[in-house]
């Protein structure tokens, strides 16, 4: 390849690598751009489905197969975590919404909560758990199994709870979810076969940059109406934002409580996974044909997701100190016992 062509190719790659290194700061900037530039959201909104598809391709492309195989040797924990994530929680949320009459009082908000409940966890959740210093392997295998289940569980709960709130039929919803997931997986496998997993790992930072650029489409689309909605009805926006935070921490806390026997760190990793639902996948499956209030809830529910690394930093730090103290005790105890054993042979 000519030197000039190589140089021209290096410039965008370096720019993408720089963007990829910004991590959560870049994602926070995307949220600000999405709110501050509503026209950008209007332009990008028709392309949300394609953006979600590409995000899934990148996520599947980077899955650590070795970590998946390790956890498949202990399927009991994986089955329990997947059942809680994809069956128990949607059922509890659906029954709770019906019990308070939300389907009658606010059908659009009911639709938003149910789409959130039946969605699989976000593909980036295990990576976020790893960045926070948590064990992400169990979260990863739960994510994969949950994503595989969503074309089956989402239509079931759509049939049981949605009624006429969703224009798409339950079977149509399942078929579209299966098509999106199978198609993105096929493209990801093709890229892994052509490029090789080593090349994908070497170019982690530029791929992260591409991921952020694609995420701009989704974030701008869902955030585009936040500012206008706030000025039109600030109390409603504040109330929905508080509801989004409450649901995020309720899912986190309930999951940690259910799986506390696995240890606090693994329970927190699972809680982080469960509380971050892939609502973009549901938007793609419905072609974005959702009511305004549903879109608004989707937008505001992104805030606890993107702020979770900062919000949970102290908790993770305390867990790390606790595990370090436990290890210190384990190493010190044998040293204290040795003199006694030597005095009394």
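Couple of notes before you dig in:
- Residue check for residue 221: touching a residue at least 60 places away in the same chain (Cβ under 8 Å) and assigned to a helix (DSSP H, G or I): yes
- Flag if residue 128 is in contact with a strand residue (DSSP E or B) (Cβ under 7 Å, 6 or more places away or on another chain), modelled with pLDDT under 85, in a helix (DSSP H, G or I) and surrounded by 15 or more Cβ atoms within 10 Å (Cβ to Cβ): no
- The single condition among (1) in contact (Cβ under 8 Å) with a residue 12 or more places away in the chain; (2) out of contact with any helix residue (DSSP H, G or I) (no Cβ under 7 Å at 6 or more places or on another chain) that residue 263 does not satisfy is (1).
- Residue 271 part of a helix (DSSP H, G or I), touching a residue at least 60 places away in the same chain (Cβ under 8 Å) and surrounded by 13 or more Cβ atoms within 10 Å (Cβ to Cβ): no
- Residue 160 being part of a helix (DSSP H, G or I), touching a residue at least 24 places away in the same chain (Cβ under 8 Å) and within 16 Å of residue 118 (Cα to Cα): yes
- Number of the exception - residue 243 against (1) more than 14 Å from the chain's Cα centre (by Cα); (2) modelled with pLDDT under 90: (2)
- None of 66, 88, 51 is within 15 Å of residue 270 (Cβ to Cβ) and either modelled with pLDDT under 85 or under 20 Å from the mean Cα position of the chain (by Cα) (or both) except 88.
- The condition (being without any contact (Cβ under 8 Å) to a residue 60 or more places away in the chain and part of a helix (DSSP H, G or I)) is satisfied by just one residue among 86, 114: 114.
- Residue check, residue 250 crowded, with 19+ Cβ neighbours inside 10 Å, under 17 Å from residue 96 (Cα atoms), modelled with pLDDT of 90 or more and under 18 Å from the mean Cα position of the chain (by Cα): no
The values are calculated or read from the model by the stated rules, or taken from the named source; none is laboratory data. These numbers were taken from a predicted model, which means no experiment stands behind them. Heads up, the Cβs are rebuilt from the backbone with ideal geometry, glycines too, and the neighbour counts pull from every protein chain shown.
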